[in-house]
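Only one structure is covered here, and it is reproduced in the block below.
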Amino acid sequence: MIRKTIWLMVTLILFLLFFVSGYLYHLFAPGMEIRTVITPIDKETYQSLESVEYAEHPEQKNFRKLTFTFTLKYSDKMKDIKAEMSEPLKNLLTYDVYWTGESFAFDDEKRNKFIVQEDIVLYMGEVSEEDLVKLLDDGVFIVAWMEDGKEKRKEFNLGETVLFIQ
């Protein structure tokens, strides 16, 4: 009976120790999420596109929306957060695929949240999904910051973050 009680106490202490260490890690470790989602465009977006008549296959089904999103939830220890692409998406996708787009970056210091987003309309008339992933494979998204007086950085291959949604 005493062995069971001791074993139960040790197990409970280990569980609490792992729980507290996991909570502290989650509290202080940066949470990074990166996604590149490609979806069909809606009718309203298609109708707002300019110069569609110059496309070889101007049907709506040949246009897609690429939404690149990077979200960083950071601790108070992280300072001077900078994010950049190794090559702009417009250049990676080439003139034949990139139709139009816009981007923004926002650092919400009150909530400790850093966001980068790009919304791009793609012309996929001559390009397959595999070809698109190959184009994005050449791109790297780099985020750098200062923490405890040291510069830290993380790199993401864009081709590995692609998700196609039909």
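The values are calculated or read from the model by the stated rules, or taken from the named source; none is laboratory data. Being a predicted model, the structure only gives us computed values, none of them experimental. As a convention, Cβ positions derive from the backbone with ideal geometry for all residues, glycine included, and neighbour counts pool all protein chains shown. Protein only, heavy atoms only, side chains kept; ligands, DNA and RNA dropped before computing areas. Shrake-Rupley method; radii C 1.70, N 1.55, O 1.52, S 1.80 Å.
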Pick from region 134-143, criterion among the hydrophobic types (A, V, I, L, M, F, W, C), buried (at least 17 other Cβ atoms within 10 Å of the Cβ) and within 16 Å of the chain's Cα centre (by Cα), ranking: nearest to Ile41 (Cα to Cα): Leu136
Strands (runs of 3 or more DSSP E) (entirely within region 69-158) containing at least 2 residues that are of a type in the set (Gly, Ala, Ser) and without any contact (Cβ under 8 Å) to a residue 40 or more places away in the chain: 98-108
Failed criterion for Ile34 (all others in (1) farther than 22 Å from Val127 by Cα; (2) not in a strand (DSSP E or B) hold): (2)
Which listed residue, of Lys61, Lys43, Lys82, Lys90, is exposed (fewer than 10 other Cβ atoms within 10 Å of the Cβ) and at pLDDT 90 or above: Lys43
Enumeration of residues in region 111-130 that are open to solvent by 70 Å² or more (accessible area, probe 1.4 Å) and over 20 Å from the mean Cα position of the chain (by Cα): Glu126
Yes/no for Asp107 being surrounded by fewer than 18 Cβ atoms within 10 Å (Cβ to Cβ) and within 16 Å of Ile38 (Cα to Cα): no
